[in-house]
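Peer 1: Take a look at the following structure, please.
The values are calculated or read from the model by the stated rules, or taken from the named source; none is laboratory data. All values derive from a computational prediction rather than experimental measurement. Cβ placement follows ideal geometry from the backbone for every residue including glycine, while neighbour counts extend to all protein chains displayed.
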Amino acid sequence: MIHLSQIGSYFLMLREVFKKPTKWRIMKTLILKEIDELVYSSLGIIIFISFFIGAVVTIQTALNLSNPLIPKNLIGFATRQSVILEFAPTFVSIIMAGKVGSYITSSIGTMRVTEQIDALEVMGVNALNYLVFPKIIAMLFYPFAIAISMYVGIFGGWLAGVFGGFLTSADFITGLTLDFIPFHIAYAFIKTLIFAMIIATVPSFHGFYMKGGALEVGKASTTSFVWTSVVIIILNYILTQLLLG
Amino acid sequence: MIEVNDIHKSFGDSHVLKGITATFEKGKTNLVIGQSGSGKTVFLKCLLGLFTPEKGYISYDGKIYSKLSDDEKRNLRQEMGMVFQGSALFDSMTVAGNVQFPLEMFTKQSKSEMEHRVDDVLKRVNLIDAHHKFPSEISGGMQKRVAIARAIVMNPKYLFCDEPNSGLDPKTAIVIDDLIKEITEEYDIVTVINTHDMNSVMQIGEKILFLKNGFKEWEGTKHEIFKTDNEAVTSFVYSSDLFKKVRQMYIEERN
């Protein structure tokens, strides 16, 4: 029952986010700040993780394809499919649920604890619109980060495959282009956009409605990470079934 | 003028406010006192419109809050200034940014007009040098003064303060009390202060409301509080040795 009530509160919060908008002059600054904090500042960790995971996927695939009858270019194919379909949109989103999500929950939660949200409400500001809406808009730029993740992941796979002596560059590139279905890219970006909304709103919900002090801010961050990850995993299954099944 | 008429507020099974009636007048510092858990904060949050009473009503210069539309409520809130217990300054903004925030949100003033107004109010609270500092870089007393500046920048009709002296040394507390009193008289506004600081009561208590267990136990002025025989009030006021001695001296003087 508590979870049902929380889901209801979450959707009521979403409705409030779009009510009584903040002045564009102020909102513009807030959006740019959030793009910097949520997306741009995450690029470093996204590139780092993508590069090495792409490399590991290639090495693991190469080591498991020991049958001489299986062409080497399948390593490139497997790397492409793994990175584009699952690793970049889903795995990176779960990492972002930890990095960006905990930042969102703790920053909004601290504002709640220190009465800054009360101060906004007393002034007559729609605190949800002021705090959450810029994050939602900023996360619309998240697919650009995922595109970079896809590119770097495949590049990492190529580097590890070729320089590790598992296959030739030509084989890898042949594998990359093998049976390419453009809709897979669309599928990946549809997922990414939906996950972006989840990463912006679920942690905001946990921060905005938290009660207590500093200890509870920490607890809310942990809970928000757990719930954001759970929602991403469940939605990943549903979207895959709907779009590819 | 703010009129509070028989308001009740509960949270689940806990009945916090049990029918409070009061009137707060313009140009006067009205103090709400009482022990922790007496319902002071809930009462103040009802006055601010953050909590809705289940019964009774609150009217601001004749406008009954519960009967206003959402837009009218928002407009009324822009006529309210609030000084929070912990100052509640936005820590991502400078002192000037904090004070300018309500102007940016609700007025169409140009940048120079806003800066001029911010300078004026910061001068009023003697903080002109702290313009570009962040809240974390200034003392607790200065933070309170910034909060007061932010609360008055829009020329409010009503000023609410939740324990404005908490965490301050006695000397700074007096400075803050005096500042609130001066501003109340200068701007001719209705000021309601939540406190359990007896020094504030003695310093600026033009009208005092004593709450106990969600009821209004006593009402009077700072002069009357010395003379009252109400047991709940005297046990609260004279809980410290210092005030016991003050009362003794007062009685001796009178005799």
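Peer 1: Output the number of the condition that A:Ser93 fails; it satisfies all remaining conditions of (1) assigned to a helix (DSSP H, G or I); (2) of a type in the set (S, T, N, Q); (3) modelled with pLDDT under 95.
Peer 2: Just one mismatch for A:Ser93, condition (3).
Peer 1: Does A:Leu131 meet the test of being within 14 Å of chain B (Cβ to nearest Cβ) and assigned to a helix (DSSP H, G or I)?
Peer 2: For A:Leu131, the condition - within 14 Å of chain B (Cβ to nearest Cβ) and assigned to a helix (DSSP H, G or I) - is met.
Peer 1: Which residue, of B:Ser166, B:Ser235, B:Ser239, is outside the structural domain of B:His8 (by TED's automatic domain parsing) and not in a helix (DSSP H, G or I)?
Peer 2: It is B:Ser239.
Peer 1: When B:Arg150 is evaluated against the numbered criteria (1) farther than 27 Å from B:Met1 by Cβ; (2) not assigned by TED's automatic domain parsing to the domain that holds B:Ser10, which criterion, by number, is the only one it fails?
Peer 2: (1)
Peer 1: Then there is this: Quick one: B:Val42 ticks every box in (1) more than 15 Å from the chain's Cα centre (by Cα); (2) modelled with pLDDT of 90 or more bar one, so which box is it?
Peer 2: (1)
Peer 1: Find all pairs meeting these conditions: Cβ atoms under 7 angstrom apart; at least six residues apart or on different chains; first residue within the range A:60-74 and within 12 Å of A:Phe166 (Cβ to Cβ); second residue in a loop (DSSP other than H, G, I, E, B).
Peer 2: Taking only residues 6 or more apart or on different chains, the pairs are A:Ala62/A:Phe166; A:Ala62/A:Leu167; A:Lys72/A:Leu167; A:Asn73/A:Leu178; A:Leu74/A:Leu65.
Peer 1: Sticking with this one: I'd like the full set of residues that are more than 8 Å from chain A (Cβ to nearest Cβ) and out of contact with any helix residue (DSSP H, G or I) (no Cβ under 8 Å at 6 or more places or on another chain), limited to the range B:86-112.
Peer 2: Listed by number, the residues that qualify are B:Ser92, B:Thr94, B:Gly97, B:Lys108, B:Ser110, B:Lys111, B:Ser112.
Peer 1: Test A:Glu86 against the stated conditions and say whether it is within 14 Å of chain B (Cβ to nearest Cβ), part of a helix (DSSP H, G or I) and surrounded by 13 or more Cβ atoms within 10 Å (Cβ to Cβ).
Peer 2: For A:Glu86, the condition - within 14 Å of chain B (Cβ to nearest Cβ), part of a helix (DSSP H, G or I) and surrounded by 13 or more Cβ atoms within 10 Å (Cβ to Cβ) - is not met.
Peer 1: With the requirement that a residue be at pLDDT 90 or above, within 21 Å of the chain's Cα centre (by Cα) and outside any strand (DSSP E or B), what does the range B:63-78 give you?
Peer 2: B:Tyr65
Peer 1: From the list B:Thr21, B:Thr107, which one is surrounded by fewer than 18 Cβ atoms within 10 Å (Cβ to Cβ), more than 13 Å from B:Arg150 (Cβ to Cβ) and modelled with pLDDT of 90 or more?
Peer 2: Among B:Thr21, B:Thr107, only B:Thr21 is surrounded by fewer than 18 Cβ atoms within 10 Å (Cβ to Cβ), more than 13 Å from B:Arg150 (Cβ to Cβ) and modelled with pLDDT of 90 or more.
Peer 1: Only helices (runs of 4 or more DSSP H) wholly contained in the range A:1-82 count here; list those with 2 or more residues that are under 30 Å from A:Val152 (Cα atoms) and within 14 Å of another protein chain (Cβ to nearest Cβ).
Peer 2: Of the helices (runs of 4 or more DSSP H) lying wholly inside the range A:1-82, those with at least 2 residues that are under 30 Å from A:Val152 (Cα atoms) and within 14 Å of another protein chain (Cβ to nearest Cβ) span A:24-34.
Peer 1: Can you find a residue in the range A:105-124 that is away from every other protein chain (no Cβ under 14 Å) and either free of Cβ contacts under 8 Å to residues at least 60 places away in the same chain or crowded, with 23+ Cβ neighbours inside 10 Å (or both)?
Peer 2: yes
Peer 1: Right, another one. Consider B:Val83 carefully, then state whether it is within 30 Å of A:Thr110 (Cβ to Cβ), more than 10 Å from chain A (Cβ to nearest Cβ) and either buried (at least 16 other Cβ atoms within 10 Å of the Cβ) or among the acidic types (Asp, Glu) (or both).
Peer 2: Answer is no for this residue.
Peer 1: Quick check on the range B:101-115. Is at least one of its residues in the same structural domain as B:Ser10 (by TED's automatic domain parsing), within 17 Å of B:Lys157 (Cα to Cα) and either part of a loop (DSSP other than H, G, I, E, B) or aliphatic (A, V, I, L, M) (or both)?
Peer 2: No, the range B:101-115 has no match at all.
Peer 1: Separate question: Being in a loop (DSSP other than H, G, I, E, B), more than 8 Å from every other protein chain (Cβ to nearest Cβ) and out of contact with any strand residue (DSSP E or B) (no Cβ under 7 Å at 6 or more places or on another chain) is the requirement here; does B:Gly37 meet it?
Peer 2: yes
Peer 1: State all residues of the range A:186-216 that are in contact with a helix residue (DSSP H, G or I) (Cβ under 7 Å, 6 or more places away or on another chain), at pLDDT below 95 and in a helix (DSSP H, G or I); if no residue qualifies, say none.
Peer 2: Across the range A:186-216, the qualifying residue is only A:Ala214.
Peer 1: Additional query: Quick check on the range B:40-80: of everything there that is among the small types (Gly, Ala, Ser), surrounded by fewer than 19 Cβ atoms within 10 Å (Cβ to Cβ) and within 21 Å of B:Thr184 (Cβ to Cβ), which residue is farthest from the other protein chains (Cβ to nearest Cβ)?
Peer 2: If we take residues in the range B:40-80 being among the small types (Gly, Ala, Ser), surrounded by fewer than 19 Cβ atoms within 10 Å (Cβ to Cβ) and within 21 Å of B:Thr184 (Cβ to Cβ), then B:Gly62 is farthest from the other protein chains (Cβ to nearest Cβ).
Peer 1: Report yes if B:Arg145 is away from chain A (no Cβ under 13 Å) and not in a loop (DSSP other than H, G, I, E, B), otherwise no.
Peer 2: Yes.
Peer 1: Condition check: in a helix (DSSP H, G or I), polar (S, T, N, Q) and in the same structural domain as B:Val118 (by TED's automatic domain parsing). Does B:Gln248 satisfy that?
Peer 2: Against the criterion (in a helix (DSSP H, G or I), polar (S, T, N, Q) and in the same structural domain as B:Val118 (by TED's automatic domain parsing)), B:Gln248 does not qualify.
Peer 1: Looking at (1) in contact with a Pro (Cβ under 9 Å, 6 or more places away or on another chain); (2) farther than 24 Å from B:Phe226 by Cβ; (3) in the same structural domain as B:Arg74 (by TED's automatic domain parsing); (4) surrounded by 20 or more Cβ atoms within 10 Å (Cβ to Cβ), can you tell me which one B:Gln143 breaks?
Peer 2: Answer for B:Gln143: the failing condition is (3).
Peer 1: Filter the range B:204-239 down to the residues that are among the hydroxyl-bearing types (Ser, Thr, Tyr) and in contact with a helix residue (DSSP H, G or I) (Cβ under 7 Å, 6 or more places away or on another chain), then identify the one that is nearest to B:Thr29 (Cα to Cα).
Peer 2: So, considering only residues that are among the hydroxyl-bearing types (Ser, Thr, Tyr) and in contact with a helix residue (DSSP H, G or I) (Cβ under 7 Å, 6 or more places away or on another chain), the one nearest to B:Thr29 (Cα to Cα) is B:Thr228.
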